[in-house]
Amino acid sequence: ARMAAMRHRRRRRGAFPLLPALLLALPIIRDGGPPALASAFVTRPGAGPPPLRGGEGAVLGGGAGASSLSSSSSSSSSSSSSEGSVVADADAFAVASPPPSSAAPPFENRAHSYAAHWEDLLTIEHRELADDLRSRRSNWSRRKLESTGISILGGSAEPETELFGEKVLRVTRQGGYGGSSSPSIKDLFSRGDVLVLSPDDNRRRGDAFLPRECTVMDAGIDWLTLGVGSTWPRGLWEERRRPGSYRVRLDRSAPKAPLLAQRKSLQMVRSGKAGEAAALLADTFRYGKGRRNGAEAEDGRGKEEKKEEAEASLPPRRFKNGVLVGREVHTDFEEGILAAVARAKGSTKKFLPNRSQEEAIAWGLGRRLSLIRGPPGTGKTRVAALLIASALHLRPAPGGASGEDDAPPKPSRVLAVAHSNGAADVLLEALLALGVPAVRAGRPATVSPSARKRTVTAMAETHPEVLQLRRRSQNATLPSHVRSAARADAYRIVGEVRRVIEANAPVVVASCVGAHQLLSAEGTDHSFPLVVLDEAAQTTEPALLTALAAAGAEQVAMVGDTKQLPPTVASSAADLRAELGRSPMARLEDAGVGRRTLCVQYRMPPSLLEHPSRYFYDGLVSCASADDDGGEPPPPRGFPWPKGHLPLAFVRVGDGGGEVAHDFGGRSNPSEAEAVCNIVAGLLEGGDVDPFKVAVISPYSKQVDRIRAGLQSLGVSAGSRGAASAAAGKVRVGTVDSFQGQETDVVIFSGVRSNPEGQVGFLRDPRRLCVAITRARRGLVLVGDDRSLRTSRHWAALIESCRRRGCCLDADDLLPRNDERGLTVAEEGDVRAKRAATMELLQLDGDVDNFDWLFE
């Protein structure tokens, strides 16, 4: 197919023959060379050969169609326009690379290689995800598709509402596929998930209702609300009076919009139009790629790290003439930064930074590229917000030493981004709390309800003139042509208001990929000199480049923690996960770029902070909540804390064979689930903790489902206590990954893994462990098989820390809920059930507890 396409283009465009290069590449393709060798180049008549990428695994690349892989695959390859054709853009050919050179290539070639590298990885990941979802839909049963959250089949749709011009419909799942233990829809889908809506009724397949992508806005036990765009699916509005008649199905998809946005941004990097910050990332990417061996490699790496840090530490170019803070010009750059931070602190009394936070903010504002590491509980997002507030007070001083330019300086603008819409909403709330005039880019359907009023779309739709035109367009007493003209005028004004807001707002908040919409089709300049990335350790490099290209930034500040979870990658290929799953912050840290660490945390008491600080952060993090005498508040009642005053426990459950592998994938541990439910019941009956502030986390979703079912059934028997039964449904249960960035009073962790071989899978990842043990404010209970978990050195260190402090106990040592009778939860339930039956037989009315004297 590649050769035929090449011959066809040569005949059409007169390109010089490339058969020798193709013949060199065929053995590489046949033998399954590295993914980088599957990159592409485009040769135009008269353009000459493309530039070369130096280094090992080099690529000849270029042009807009540089990827050699289509976004999806299919068995049909006869048509280039068909879905998943073998070659989406047949300009792509893999070719052999020249021998690696010790000299760094010119920047144009480095930028080209850098962009081609990420473009290949993104395309491969998207193709694998699309193929995987297609395979599941073809081969899995209906029950398996629904129980794993891949599809919702046989749902009924009806109009729900309209949100700032976007139609919102509700899909209700009909019937069920399992018992009470089956996960609810809200456990399988979350806000922002992209699904494909299509008809699930054969009678409708001839209609014009075509599949369309939609976005999850909210979820309940058996329903979803979805944003479906500016129009209703065909026939939905007409059938709204017949509930249940409009049958649809929903399927997870591999959305193409993020892929296209990132590829377009990479093309801007390749052409040098993405701004200085993106160019700096491309320029530093060459470092850390080994070109030498032994001592020579160490010496070369040291020189490269020094050079990279020197480039990153340069002050932003826009401040070459000095800094204007208010009306005062500061020729000393550092002095001007301190003045700006002081102004930002003075404008808000809600957040007064500690010394390490203030130093990190000033340090980050003075560099082209800065990394601020924030361990759990140190206030990363608030630091990012105050950094942005300080940056708004920094403006370039007008003119130079000769005063040749007296034009007033442009107002400072900042693009604030995060890896996801949820994280962007949290950042927006932090900015608004400091009084920063920030607006939110993105569809209102993808934004949290509390942030929707600050979206650009909502602000445009609620403009007084737009509201007046909307009312006019709905006035039935007016002629139809007048109403139509009013609708057209409203649509036009909404677009104009949006453009004005996006072009002039001091701070725009968006997800990294969502920032791409700031690039208008007309090429209007939406320049933001500074980009601030929150939760930087969870962001992929192409996503960050999308934000940098949209901003045209010359300066970027990353705030995050590389000791916590990395970016999520859909592919299962180890090499692709290692590359795409490595955040730019982690890469730059390894390459020698300087960083500052926030050293004071406000979440955990000293006993819970001791091990994470020492093991993960070299003892740099201290506790701000400790009493002057080093004490801490007592732990919550209702659990037998082994050390009494220390809110830490490791409960040993299992003997090397407790885990269960499920047919649909995943693992669970019934013994641990029972122990967790007993612990939750005891804490709730202790009455010292709000059930909404108790969280149960586990690395495996099957264990999450098992624990949810156990908590739901807690107290269903006649012997249950009403208070604990009602409160158990308020306890949050989820995976470790879903709790990153959150905190709560009490955390109960279930490790699941318990097998004779001591295999613990991805529990060996220290970042997942760091997240798991740093969520709690008042108490942490770890439940697991210590013999299996100790095979991981990270877990072994944690268990040894608990043992050394006397915080370990066995599951049998858990104190019963009723100390007088010495019964376990299950035993007490049986006793209470028997007593209730006896009271009924004796025709005694009242609470079972009031008749303890009788039964004793």
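Throughout, read-outs are computed from the coordinates displayed, never taken from laboratory work. Everything numeric here is computed off the predicted structure, so don't read it as measured data. No Cβ is skipped: glycine too gets one built from the backbone with ideal geometry, and neighbour counts run over all protein chains shown.
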- Query: So, in nm, how far is label Asp575 from label Val660 when the simple model puts each one 7 Å beyond its Cα toward the Cβ?
  - Reply: 4.0 nm
- Would you kindly derive the ³J(HN,Hα) couplings of segment 484-492 from the backbone phi angles with the Karplus curve 6.51 cos²θ - 1.76 cosθ + 1.60 (θ = phi - 60°), listing them in order in whole Hz, with x for Gly and Pro? 5, 5, 5, 4, 5, 5, 4, 4, 5
- Query: How many nm is it between the label spots at Lys264 and Asp852, if each spot is 7 Å from the Cα in line with the beta carbon?
  - Reply: 7.0 nm
- What order do you get for Ile501, Ile124 when you list them from fewest to most C-beta neighbours inside 10 Å? Ile501, Ile124
- Find how much the distance from Asp131 to Arg637 grows on full extension, using 0.36 nm per residue of separation minus their present alpha carbon separation; answer in nm with one decimal. 177.1 nm
- Relative contact order computed over segment 439-576 (Cα-Cα under 8 Å; 6+ residues apart), in percent: 20 percent
- Select from segment 214-257 those trypsin sites (Lys or Arg not before Pro) which occupy a DSSP coil region and have at most 16 other Cβ atoms within 10 Å, ordered by residue number. Arg234, Arg240, Arg241
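Subtracting the Cα-Cα distance from 0.36 nm times the residue separation, let me have the gained length for Gln712 to Asp690 in nm, one decimal.
Numbers: separation 22, 0.36 × 22 = 7.92 nm, distance 1.73 nm.
Net length gain for the segment: 6.2 nm.
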- Query: Given Lys264/Lys380; Lys306/Lys563; Lys643/Lys834; Lys349/Lys693; Lys167/Lys453, which pairs have Cα atoms separated by over 25 Å?
  - Reply: Lys264/Lys380; Lys643/Lys834; Lys349/Lys693
- Note on the structure: Amide H neighbours of Leu782 at under 5 Å, excluding residues fewer than 5 places away on the same chain, with H built from the backbone geometry, are Ala649, Phe650, Val651, Phe749
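Tell me, Leu224, Leu153, Leu281 in order of fewest to most beta-carbon neighbours within 10 Å?
Leu153, Leu281, Leu224
Which order results if Met839, Met604 are arranged by neighbouring Cβ count within 10 Å, fewest first?
Going from sparsest to densest Cβ surroundings: Met839, Met604.
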- Query: What is segment 728-796's relative contact order, in percent, from Cα pairs under 8 angstrom and six or more apart in sequence?
  - Reply: 43 percent
- Task: Counting other Cβ atoms within 10 Å, keep those with at most 12, restrict to DSSP loop, and tell me which trypsin sites (Lys or Arg not before Pro) in segment 502-610 are left.
- Result: none
- Item | Extension gain (nm, one decimal) between Glu800 and Glu334, 0.36 nm per residue minus Cα-Cα | 163.2 nm
- Note on the structure: HN-Hα couplings for segment 132-148 via Karplus (6.51, -1.76, 1.60; θ = phi - 60°), in whole Hz with x for Gly/Pro, come out as 5, 5, 5, 5, 5, 5, 7, 10, 8, 6, 4, 5, 5, 4, 6, 6, 9
- Once both labels are modelled 7 Å past Cα along the beta-carbon direction, what's the Leu478-Tyr602 spacing in nm? 5.1 nm
- Note on the structure: Taking placed amide H atoms and a strict 5 Å upper bound, the residues 5 or more places from Arg368 or on another chain that come that close are Leu314
- List the relative contact order of segment 440-492 as a percent without decimals, with contacts defined as Cα pairs under 8 Å and 6+ residues apart. 25 percent
- Message: I'd like the Karplus ³J(HN,Hα) series for segment 327-333: coefficients 6.51, -1.76, 1.60, θ = phi - 60°, whole numbers in Hz, and an x wherever there's a Gly or Pro.
- Response: 10, 9, 8, 10, 6, 7, 4
- Scan around Thr378 for amide H atoms under 5 Å from its own, H built in the peptide plane at 1.01 Å from N, and keep only partners 5 or more places away or cross-chain. Tyr602
